[in-house]
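Okay, so here's the structure we're looking at.
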Amino acid sequence: MNYARFLTAVSAARKPSPIRILTELQQRSPPSLISLAGGAPNPSTFPFLSANIQLKNGQTVGFDETLMKRALQYSASNGIPELLTWMKNLQKNLHNPPTATYSPEKGQMEMCVTTGSQEGLCKVFEMLVNPGDNVLLDAPTYSGTLAALQPLGCNLINVSSDQHGMIPSALKEVLSRWAPSEVHEPGSSAPKVLYTIPNGGNPTGASMTAQRKKEIYELARQYDMLIIEDDPYYFLQFDKPWAPTFLSMDVDGRVIRTDSFSKILSSGLRIGFVTGPKPLVDRVVLHIQASTMHTSSFTQLMVSQLLHSWGQQGFLQHIDGVIEFYRKQRDAMISSAEKWLKDVAEWHAPSAGMFLWIKLKGIADTQQLIMEKALEKEVLLVPGGVFMINSSEPCAYVRAAFSLSTPEQMDEAFRRLSSLIKDAV
């Protein structure tokens, strides 16, 4: 893979921060090293001494004075070493990526910690997307993705999808505008990047089948594209075995994957991960050095201690409990939808995630219905237009989240929505 051809001029121009390199070098050195190099503040001046965080299982995550000093200090831009090591082992066990054994220049699997997967996504987009580039995605898609991509001045090309995600034949049709032989020609407008949410897509709840992933990966090989696998709902798949990932199929080193702990440990701790070919992950880290510097040392150490105390088995047991909660929530929402909306709407039950994507019958555009009339009736959903490439076009869909509301609240919300739709038609 010629990774240089994918980089924007800004990303290609990034250089390592000498101060950050010294900081990381110092942290790997023995205590006998006398360093007058770093510009780090003295932690003895900080007001925090120690902490014990109580877990629901009765255990504690403890910060004694020594660990607290480390937690309050600058740390490596790519992440706390012991957290990265734990996560790399998890990725290898879950996905068995072919690239794990590759040499760095061939696309060896690398990881870095980001401040939520959203930071990772933004930095990946800024690394790869130039003004005027054609970028492929399957809309409706996450509004945060659109918010990150649209200011970059690229052309977003929609690839049709259904409840099973992006449709390979539709991707093939879009790509037929270019010949595979022309993608490396100077000035070629052939897409270099394909973005998708493969599991429990936000907002549609769609999950891509293994067969579709294989076909899409082969098309990416044919046209030498990178695949951005944005998978924050990977751990919220309701049925086992979980679908194989693009990362697990990546024989070329062309998949950049973003993972998040937001849905399974805490959304406020802001911890996500980028996994992908080392030459590209290293570029993301250079951007982190020049922007946020690193994700919070405190939250990284807090999560790292938790994961090391659990082990992989304990972590996956926790995941099973989270899945069971959301499965019951989904079932409650589907039950209420069938009770109140059967005659006025249609939907597909999601197999992952936390959203139900509902098409309202006889309503051309849901924007006014939701933002004005639904608010008056004290029920709130998201109008589907915000997830479209052109948000001003009419959209008959709404997104309902089943993560926070009780089954009783969902039932009452759909009763109110049903009444609204009947009044509007």
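The values are calculated or read from the model by the stated rules, or taken from the named source; none is laboratory data. Just so it is clear, the model here is predicted, and its values are computed rather than measured. Every residue, glycine as well, gets a Cβ built from its backbone with ideal geometry; the counts of neighbours run over all protein chains shown. To get the accessible areas, we keep the full protein, side chains included, count just its heavy atoms, and leave off ligands, DNA and RNA. Shrake-Rupley method; radii C 1.70, N 1.55, O 1.52, S 1.80 Å.
Tabulated results
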read-out: Unmet requirement for S291, which otherwise passes all of (1) open to solvent by 40 Å² or more (accessible area, probe 1.4 Å); (2) more than 20 Å from the chain's Cα centre (by Cα); value: (2)
read-out: Complete set of residues in the range 170-184 that are in a loop (DSSP other than H, G, I, E, B) and either in contact with a strand residue (DSSP E or B) (Cβ under 8 Å, 6 or more places away or on another chain) or among the polar types (S, T, N, Q) (or both); value: S176
read-out: Number of the condition not met by K373 [criteria: (1) touching an Asp or Glu at 6+ places or on another chain (Cβ under 9 Å); (2) at pLDDT 95 or above]; value: (2)
read-out: Qualifying residue in the range 182-192 (condition: within 24 Å of S351 (Cβ to Cβ) and outside the structural domain of R330 (by the TED database)); value: no
read-out: Single match in S161, S117, S181 (criterion: of a type in the set (S, T, Y), out of contact with any helix residue (DSSP H, G or I) (no Cβ under 8 Å at 6 or more places or on another chain) and either surrounded by 19 or more Cβ atoms within 10 Å (Cβ to Cβ) or on the phi > 0 side of the Ramachandran plot (or both)); value: S117
read-out: Qualifying position, being assigned by the TED database to the domain that holds F273 and either under 20 Å from N202 (Cα atoms) or among the hydrophobic types (A, V, I, L, M, F, W, C) (or both), among M354, M293, M371; value: M293
read-out: From V284, V274, residue being assigned by the TED database to the domain that holds M87 and out of contact with any Gly (no Cβ under 6 Å at 6 or more places or on another chain); value: V284
read-out: Filter pass, P131 being within 20 Å of Q27 (Cα to Cα), of a type outside the set (V, I, T), open to solvent by 10 Å² or more (accessible area, probe 1.4 Å) and more than 19 Å from the chain's Cα centre (by Cα); value: no
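Table: residues versus (1) open to solvent by less than 80 Å² (accessible area, probe 1.4 Å); (2) assigned to a strand (DSSP E or B).
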{"residue": "H318", "(1), (2)": "yes, no"}
{"residue": "V322", "(1), (2)": "yes, no"}
{"residue": "Q329", "(1), (2)": "yes, no"}
{"residue": "A337", "(1), (2)": "yes, no"}
{"residue": "L356", "(1), (2)": "yes, yes"}
{"residue": "K359", "(1), (2)": "yes, yes"}
{"residue": "I363", "(1), (2)": "yes, no"}
{"residue": "L375", "(1), (2)": "no, no"}
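Residue-wise test of (1) closer than 30 Å to P131 by Cα; (2) open to solvent by 90 Å² or more (accessible area, probe 1.4 Å); (3) at pLDDT below 95; (4) assigned to a loop (DSSP other than H, G, I, E, B).
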residue	(1), (2), (3), (4)
M1	yes, no, yes, yes
S11	yes, no, no, no
P16	yes, no, yes, yes
T23	no, no, yes, no
Q27	no, yes, yes, no
I34	no, yes, yes, yes
A40	no, no, yes, yes
S44	no, no, yes, no
